[in-house]
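Accompanying notes for the structure given below.
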Amino acid sequence: MENKITINIDGKEVEAKEGSNLLPILRKMGIFIPTLCNHDQIKPYGVCRLCIVEWVRGEGWTKIVTSCNFPVKAGQKFLTNSDKVRRERQMIMELILARSSNVPEIIELAARLGITTTRFQEDQEGCILCGLCIKACEEVVGASAIGFQSRGPNRTVIAPFDDEAKRCIGCGSCVYVCPTNYIKMEEKHHVRKLPLWHVELKMKQCKVCGQDIAPEKQLEFICERIKLPENFFDTCLNCRP
């Protein structure tokens, strides 16, 4: 049974489920909260920090928290657009813009937050180190083919030893969740390539029509994981009886 509580958001009393994360509540209210590391299928972890709000803990005592992974309790009060929130959010956005100064999605979001230039050294590479690709590969797919390397300004996302990601199955989940379109995937001559991970995987063709279905390695991974017959993917969906 759900335990309903009341919290205060920007001066309004709101009913919520105790323990639920704050971000979905704010979005249900129609409040704009920017995010770059949030995805419905991945456990929230607040790394981009754009979803920050101000938690009013007492008279003159507040704390900045990430709303995506903040579980609410009865009586709590939050400010979503205070001066403090706007200042810190703009600083965070300026740092992200510096890492992705040529990415349209980042430029657009930054402009919406009032940031059009950055004081920091610019990098047009595009990776903002949100970690969504790593989380998707680990938590959703279960392959754990990529990860972080180093810390601080040298931190990057790479395959182990910056060599071929031998555990990569070529599913493309990392590509689909990347908020800056930094991770590229291409298919040509029945081969799927993910250049960042140094991966080239042979595609399996339908035995009836010859259409590419998916990388052979991905289909083998699926068959093994959910105990499907080895020939389950011999034909594509359109050619199945």
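The values are calculated or read from the model by the stated rules, or taken from the named source; none is laboratory data. Predicted model, so just to flag it, every value in this text is computed and none were measured. With ideal geometry, Cβ positions are generated from the backbone for all residues, glycine too; neighbour counts draw on all protein chains shown. Please note that ligands, DNA and RNA were not included when accessible areas were found on the heavy atoms of the full protein model with its side chains. Shrake-Rupley method; radii C 1.70, N 1.55, O 1.52, S 1.80 Å.
Can you give me the number of residues within region 57-90 that are closer than 24 Å to Glu2 by Cα and in a helix (DSSP H, G or I)?
Number satisfying all stated conditions: 3.
Is it the case that Pro153 is closer than 19 Å to Arg49 by Cα, open to solvent by 20 Å² or more (accessible area, probe 1.4 Å) and part of a helix (DSSP H, G or I)?
Answer is yes for this residue.
Is region 210-223 home to any residue that is open to solvent by less than 70 Å² (accessible area, probe 1.4 Å), part of a strand (DSSP E or B) and in contact with a His (Cβ under 9 Å, 6 or more places away or on another chain)?
Checking region 210-223: at least one residue is open to solvent by less than 70 Å² (accessible area, probe 1.4 Å), part of a strand (DSSP E or B) and in contact with a His (Cβ under 9 Å, 6 or more places away or on another chain).
What residue, of Glu54, Glu13, is acidic (Asp, Glu), part of a strand (DSSP E or B) and closer than 29 Å to Gly131 by Cα?
Glu54
Has region 93-106 got at least one residue that is small (Gly, Ala, Ser), exposed (fewer than 15 other Cβ atoms within 10 Å of the Cβ) and out of contact with any helix residue (DSSP H, G or I) (no Cβ under 6 Å at 6 or more places or on another chain)?
no
Find the residue count for region 69-107, including only residues that are under 19 Å from the mean Cα position of the chain (by Cα) and touching a residue at least 40 places away in the same chain (Cβ under 8 Å).
10
Here is a check on your reading of the model: is Ile183 among the β-branched types (Val, Ile, Thr), under 26 Å from Cys209 (Cα atoms) and crowded, with 21+ Cβ neighbours inside 10 Å?
The answer is no for Ile183.
If a residue has to be within 27 Å of Ile107 (Cα to Cα), buried (at least 16 other Cβ atoms within 10 Å of the Cβ) and not β-branched (Val, Ile, Thr) to count, how many in region 156-180 make the cut?
5
Give me a count of the residues in region 109-126 that are under 9 Å from Leu97 (Cβ atoms) and part of a helix (DSSP H, G or I).
2
For region 18-49, name all the residues that are part of a loop (DSSP other than H, G, I, E, B), closer than 19 Å to Cys130 by Cβ and open to solvent by less than 60 Å² (accessible area, probe 1.4 Å).
If the condition is that a residue be part of a loop (DSSP other than H, G, I, E, B), closer than 19 Å to Cys130 by Cβ and open to solvent by less than 60 Å² (accessible area, probe 1.4 Å), then Ile33, Pro34, Thr35, Leu36, Cys37, Asn38, Ile42, Pro44, Tyr45, Gly46, Cys48 are the ones that fit.
Of all residues in region 107-137, which are β-branched (Val, Ile, Thr) and over 18 Å from Arg155 (Cβ atoms)?
Of everything in region 107-137, those that are β-branched (Val, Ile, Thr) and over 18 Å from Arg155 (Cβ atoms) turn out to be Ile107, Ile115, Thr116, Thr117, Thr118.
Please find, among Ile5, Ile52, the residue that is surrounded by 20 or more Cβ atoms within 10 Å (Cβ to Cβ) and out of contact with any Phe, Trp or Tyr (no Cβ under 9 Å at 6 or more places or on another chain).
Of the residues listed, the single one that is surrounded by 20 or more Cβ atoms within 10 Å (Cβ to Cβ) and out of contact with any Phe, Trp or Tyr (no Cβ under 9 Å at 6 or more places or on another chain) is Ile52.
Which pairs have Cβ atoms under 8 Å, sit 6 or more apart or on different chains, and link a residue in region 128-142 that is on the phi > 0 side of the Ramachandran plot to one that is assigned to a helix (DSSP H, G or I) and modelled with pLDDT under 95?
If the second residue must be assigned to a helix (DSSP H, G or I) and modelled with pLDDT under 95, the pairs left are Leu129/Arg99; Gly142/Arg225.
From Ala110, Ala159, which residue is among the small types (Gly, Ala, Ser) and either closer than 23 Å to Thr35 by Cα or under 16 Å from the mean Cα position of the chain (by Cα) (or both)?
Being among the small types (Gly, Ala, Ser) and either closer than 23 Å to Thr35 by Cα or under 16 Å from the mean Cα position of the chain (by Cα) (or both) holds for just one of Ala110, Ala159, which is Ala110.
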